[in-house]
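See below for the structure under consideration.
Read-outs: derived from the displayed coordinates by stated rules, not from any lab. Model, not experiment: these values are computed from the prediction. Ideal geometry is used to build each Cβ from the backbone, glycine not excepted, and the neighbour counts take in all protein chains shown.
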Amino acid sequence: MIETELNQSKVFITKEGELTEVPPPKTGYGEQTITWQGGKIKLVRTTYIEKI
């Protein structure tokens, strides 16, 4: 059993019984895209934006 705090914003992927946390963009600003193929997750793309 895995425990996590529910008062934080997080993204998790479950694949073949394994739970993987997807880290947020390093700058705190950005976008995450999950690509599916054949009903399974194949890629997670994370882009980030830097505020100046």
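A search for C-beta distances below 8 Å between a residue of segment 1-23 that is assigned to a loop (DSSP other than H, G, I, E, B) and any residue that is basic (Lys, Arg) and surrounded by 10 or more Cβ atoms within 10 Å (Cβ to Cβ), counting only pairs 6+ apart in sequence or on different chains, returns Thr4/Lys10. Can you name every residue in segment 24-37 that is without any contact (Cβ under 8 Å) to a residue 24 or more places away in the chain and either loosely packed, with under 10 Cβ neighbours inside 10 Å or of a type in the set (Ser, Thr, Tyr) (or both)? Matches in segment 24-37: Tyr29, Thr33, Thr35, Trp36, Gln37.
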